[in-house]
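The values are calculated or read from the model by the stated rules, or taken from the named source; none is laboratory data. Bear in mind the structure is a predicted one, so any value in this text is a computation, not a measurement. For neighbour counting, all protein chains shown are included, and Cβ atoms are generated from backbone atoms with ideal geometry for every residue, glycine included.
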Amino acid sequence: MKKILKSNYKIFPIVIEPVEEGGYFAYTEILQGAHAEGTTIGEAVDNIQDVIEKHLAVREKYGDNIGGLEVLNEPKITIPLPMVSKWASDFRL
């Protein structure tokens, strides 16, 4: 695992959607063209992370502005996780 310095830390919100044929499609709206697929949510997340890293490397090489949100302290990421459950009718929001 790579050591990440706080000053180099960026957060890129990603969207993960189920695909009708099966699997998941992941993308970030911050980097145009950065998208990936996976057979599981975890695989889609791993794949989009790899795509984002490669996308950033190319943009840095050409001196392009890189979006994202800089984090000055330890990052805390909140991800809403939709769940389908047989008990869903028991919960009232």
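Observations on the model:
- In summary, Leu72 fulfils each of the numbered conditions (1) modelled with pLDDT of 60 or more; (2) of a type in the set (A, V, I, L, M, F, W, C); (3) over 17 Å from Tyr27 (Cβ atoms) with the single exception of condition (1).
- Selection from region 1-44 of residues that are hydroxyl-bearing (Ser, Thr, Tyr) and either modelled with pLDDT under 85 or within 17 Å of Ala57 (Cβ to Cβ) (or both): Ser7, Tyr9, Thr28
- Just so you know, in region 28-70 the residues that are among the β-branched types (Val, Ile, Thr) and in a helix (DSSP H, G or I) include one that is surrounded by the most Cβ atoms within 10 Å (Cβ to Cβ), and it is Ile48.
- The residues of region 30-55 that are charged (D, E, K, R) and farther than 14 Å from Ile66 by Cβ, listed by number, are Glu37, Glu43, Asp46, Asp50.
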